[in-house]
1. Report whether or not residue 141 is part of a helix (DSSP H, G or I), aliphatic (A, V, I, L, M) and more than 17 Å from residue 56 (Cα to Cα).
2. Among the residues of segment 98-117, how many are surrounded by fewer than 17 Cβ atoms within 10 Å (Cβ to Cβ) and closer than 27 Å to residue 154 by Cβ?
3. How many residues, within segment 35-50, are part of a helix (DSSP H, G or I) and either in contact with a His (Cβ under 7 Å, 6 or more places away or on another chain) or more than 14 Å from ligand 2 (Cβ to nearest atom) (or both)?
4. Taking into account only those residues within segment 168-203 that are of a type in the set (A, V, I, L, M) and over 17 Å from the mean Cα position of the chain (by Cα), which is farthest from ligand 2 (Cβ to nearest atom)?
5. When you scan segment 66-77, do you find a residue that is in a strand (DSSP E or B), of a type in the set (Phe, Trp, Tyr) and either under 25 Å from residue 192 (Cβ atoms) or within 16 Å of the chain's Cα centre (by Cα) (or both), even just one?
6. Might you check whether a residue that is part of a helix (DSSP H, G or I), touching a residue at least 40 places away in the same chain (Cβ under 8 Å) and within 30 Å of residue 52 (Cβ to Cβ) occurs anywhere in segment 151-164?
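Just so it is clear, none of the values below were taken in a lab; they were calculated from the coordinates. A quick note: this is a predicted structure, and the numbers were derived from the prediction, not measured. We place every Cβ from the backbone using ideal geometry, glycine too, and count neighbours over all the protein chains shown.
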Amino acid sequence: MAANDATTETASGATGLHVAFIMDGNGRWATKRGWPRLVGHRKGAERVREIVRACPGLGIGWITVYAFSTENWKRSTEEVIGLMSIFARYIRREADELSASGVQLRFIGDRSRLDPKLQELMTAIELRTAGNTRLVFNVAINYGGRDELARAAKVLAADVLAGRIAVDEIDQAALEARLDTAGQPDPDLVIRTSGETRTSNFLPWQAAYAEYEFTPTLWPDFSAEHLAEILGRFGLRERRFGAVLTG
Ligand code: IPE
Ligand code: IPE
Ligand code: MG
């Protein structure tokens, strides 16, 4: 029997697999067609909508998407501003449907560097959907795993200085509780589109025991059918978590 039948149940009430996506290839998808890169990003946002809708029917209770990394500020101002406006438009347009369909939207990453208006939109939709339990949907914006760990270390140090925790009490759980993903289950599966086989600073702590799938499909071409096919293969994998399985 495959070890992937167990579902995760957490404080949020959501149940099911946690699948994380490194949504890559938007730029190449557009460039191949002679279009500006932002057209690819817009198409990519439409794909996110389709994938999110498909998740509950595929046994997924948690989804995390990598939308903007701490390294993506290196791109042109035009592309960065364009991406930020796509995020704002996505939240505005999808808010009603997400809220009504039981999706809990959350953001991970350092939001302090984002435009205050975008931050307001993010906080408002988080509050509005906080009670939803059908699907938890994390969007990683200005997220970098190393940055997240450094920020968590800073919080931990401040908590030691304030006497909230002793140095001897610092363990994995203490660090985990200070990550952006505190309280959430680790991803079971990380899918990267576009053929690149690297993790680009995505969830280094949380995905330590995740399964990985790399597909050549560019994100704007990635469909719910592709996801269903990958999940079928994932179900056959044996996850050992360091142990020797018997029986
Ligand atoms: C992923 O697509 C989306 C973001 C990183 C924001 P890319 O923009 O990286 O597309 P490629 O890799 O250049 O094709
Ligand atoms: C990773 O894609 C970040 C996101 C998908 C948001 P990149 O396109 O930025 O990663 P690299 O530069 O190819 O490693
Ligand atoms: Mg890329």
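1. Taking the combined requirement at face value, the residue does not satisfy it.
2. The total comes to 6.
3. 7
4. 170
5. Yes, that holds for at least one residue.
6. Checked against the condition, which is being part of a helix (DSSP H, G or I), touching a residue at least 40 places away in the same chain (Cβ under 8 Å) and within 30 Å of residue 52 (Cβ to Cβ), segment 151-164 yields at least one hit.
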